[in-house]
Amino acid sequence: MRAPKRLGRMHTLADEAALKHEVRLLTRLRHPHIVEMLGFYRDAKFYYIVMEVVRGGELFDRIVKKQSYSEKEARDVLRVLLGAIKYCHDQNVVHRDLKPCGTPGYVAPEVIRGSAYGTEVDMWSIGVIMFLLLGGYPPFHAENRAMVLRKVKKGEVTFHPKYWSSISPEAIALVKRFMTMDPRQRITAAQALNDPWMRMDDRFLSLHSIDLSRLASFNARRKLRSAISAVIVTNRLAKAGGTPPPRSPIAGSALPPRPPRPPAARPGGSAQRSLR
């Protein structure tokens, strides 16, 4: 099935360039776990993007509905994610916006600092996702976005024994390899897929149960914050008589109000492109 999406023409040339850049990238990506773009059209007023229909719902919603949840199931999710990201990286594409929900705590420290970056930023984000899947709470938590970003910038991650004592040491070691502050020392997607934890026996990891209550609580708070934010934005726009900023059909985040960042040089002279 197909899902058409209509977008208003971009407000600036930079927005339009960013949209076309993402469309070009997505057009050439063909992977079972990457949503496929089936068409891109435009007229005088609108862009029309035809996407593959994906009915799986949100990751955390599906997990918290389960009666039980184990390390094996968390590993199944990560294996799918890593396979898709490895494919992107093999195509010289950096996603740059990996997250299962709209919070700022998944971005890599080097992005916050404004440093040059490459595929390593995606690996950091996967580390944050893995931490959340296993621990049931985010590694960087604070009352507001600015405080969260300051914590990410420091990169100090604590594995509280109360929540992590039942998690296998191999899993914790892999999270640390994802969330290494020095990008040059960070694990790659190919390396992660061959990590000892990824090769552990299914039956053994099935015995490592994960408490769903913390993840369910996090998911509920996340949804409440999203609902409150949506109401605030809607009210502000209504008072101002404005309209929302154009949205990226690919990553779901607002298109940047500036020209796209130049592609970063990869060793050997090839370029990495950013998909977000």
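Bear in mind that the values in this text are calculations on the coordinates, not laboratory data. These figures come from a predicted structure and were not determined experimentally. Backbone-built Cβ (ideal geometry, glycine too); neighbour counts: all protein chains shown.
Applying 1/(1 + (r/R0)^6) with R0 = 22 Å to the Cβ-Cβ distance of D90 and V50 gives a FRET efficiency near 0.30.
Exactly which trypsin sites (Lys or Arg not before Pro) in segment 73-159 are in a DSSP loop and have at most 14 other Cβ atoms within 10 Å?
Working: sites: R75, R79, K86, R96, R113, R145, R150, K151, K153, K154; in loops: R96.
Loop-located and lightly packed - none at all.
Taking amide H atoms as placed 1.01 Å from N in the peptide plane, the amide H of R42 lies under 5 Å from those of Y48, each 5 or more residues away in sequence or on another chain.
Projecting label points 7 angstrom from Cα along Cα→Cβ for Q191 and K176 puts them 1.4 nm apart. Would you mind checking the pairs K45/K99; K72/K154; K86/K151; K66/K162; K20/K45; K72/K151 and listing those with alpha carbons more than 20 angstrom apart? Where the Cα-Cα span goes over 20 Å, the pairs concerned are K45/K99; K72/K154; K86/K151; K66/K162; K72/K151.
Determine, for T27, T188, the number of other Cβ atoms within 10 Å of each Cβ, and report the residues in order from fewest to most. Show your work: numbers first, answer last.
On the way: T27 13, T188 17.
Ascending Cβ contact count within 10 Å gives the list T27, T188.
Among 168-176, 62-70, sorting by the average number of other beta carbon atoms lying within 10 angstrom of each residue, highest first, gives 168-176, 62-70.
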